[in-house]
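The values are calculated or read from the model by the stated rules, or taken from the named source; none is laboratory data. Note that the coordinates shown come from a computational prediction; the quantities given were computed from them, not determined experimentally. A quick note on method: Cβ atoms are made from the backbone with ideal geometry, for glycine too, and the neighbour counts reach across all protein chains shown. Just so you know, the surface numbers come from the protein's heavy atoms only, side chains and all, with ligands and any DNA or RNA stripped out. Shrake-Rupley method; radii C 1.70, N 1.55, O 1.52, S 1.80 Å.
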Amino acid sequence: MKFTYTLSNIGWADVHLRIGNSEIYISPSYLSEPLIDLVRAIELLLPECTPGDEVKSIVHFDWDSEPAIHNWEIVKKSQEIVQVNITVYEDGIKTHPGKLEFSEECNFNEFISEVVQSMEVLLKDHGILGYRKQWYAQDFPISSYLQLKYYLENKSSFPTKIRNPNDWIEKIESNLKDELDILKKYFL
């Protein structure tokens, strides 16, 4: 399996996904939020990253590849296996029939690991602010990176606490030092 996500120009990315004998190349633009949509979809499939009543077994999202739209569907078939389906709508009109261009099963943790490694390459190549400038003023999904990286290393939720659990308005906190420690460990 291989997943790469690189920024090729202002507001454009080049993505390559290979699972088994199938592969697809996609060039999404800033008209969608492809990286954010992908990592948040992954988080929605993981009970360690999503509140219990919000966990999904199937997620869908679109990447705008101008003029095409790539519709992703990720189905969690078991704790270990996901099915990745990508349907292409050539003219970007989803009311017309799309063409299923990619459909493969893979190990879920391996897929997450590939995505996280790709995110690390983005951070090393661009930095947080450089990414924002290269991706046409949209931010890098740093909280998703931290949460997925922690999940891969610990198979558990990133530690958070509720300071005032019995109050009407809860205050949820994470430890900034823990977050910075992860970044230091992999980037400094």
Problem set entry | Pairs from Lys77/Lys161; Lys2/Lys99; Lys77/Lys99; Lys77/Lys155; Lys76/Lys184 whose Cα-Cα separation, in the structure shown, is over 25 Å | Lys77/Lys161; Lys76/Lys184
Exercise. What FRET efficiency comes out for the pair Gln83/Ser156, r = Cβ-Cβ distance, R0 = 25 Å, nearest 0.05?
Worked result: 0.50
Problem set entry | Efficiency of FRET from Cβ geometry, Gln117 and Lys185, R₀ 22 Å, rounded to 0.05 | 0.95
For this session: Take the solvent-accessible surface of the protein heavy atoms, probe 1.4 Å, and return the percent of it on the chain that carbon and sulfur atoms account for.
Result: 49
For this session: Compute the long axis of helix 142-154 from its Cα atoms, compare it with the longest principal axis of the Cα atoms of the chain, and write down the angle in degrees, 0 to 90, nearest 10.
Result: 80
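With the convex hull built on the Cα atoms of the stretch 1-103, state its orientation-averaged projected area in nm².
Computed as one quarter of the Cα hull surface, the answer is 7.1 nm².
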Seminar exercise, completed: Relative to the chain, whose Cα atoms define the longest principal axis, helix 34-44 and its Cα axis are tilted in degrees, nearest 10, by 60
For this session: Show that you can apply the helix-only estimate: for the chain, add -39,500 (n - 2.57) for every DSSP H stretch of four or more residues, divide by all residues, and state [θ] at 222 nm to the nearest 500.
Result: -11000 deg cm²/dmol
Exercise. Using DSSP loop states and a limit of at most 16 other Cβ atoms within 10 Å to flag GluC sites (Glu not before Pro), what is the longest stretch of the chain containing no flagged site?
Worked result: 91-169
Exercise. How big is D, in µm² s⁻¹, for the stretch 9-54 by Stokes-Einstein at 37 °C and 0.692 mPa s if Rh is the Kirkwood radius over C-alpha pairs?
Worked result: 261
For this session: Quick one: dipole size for the stretch 38-188, taken about the Cα centre, charges +1 on Lys/Arg Cβ and -1 on Asp/Glu Cβ, in debye to the nearest 20.
Result: 480
Exercise. Over the Cα atoms of the stretch 51-106, how large are the radius of gyration and the largest Cα-Cα distance (Dmax), in Å?
Worked result: 12.9, 38
Exercise. Most mobile of Asp139, Asp64, Asp53 per a Gaussian network model of the chain (Cα springs, under 10 Å)?
Worked result: Asp53
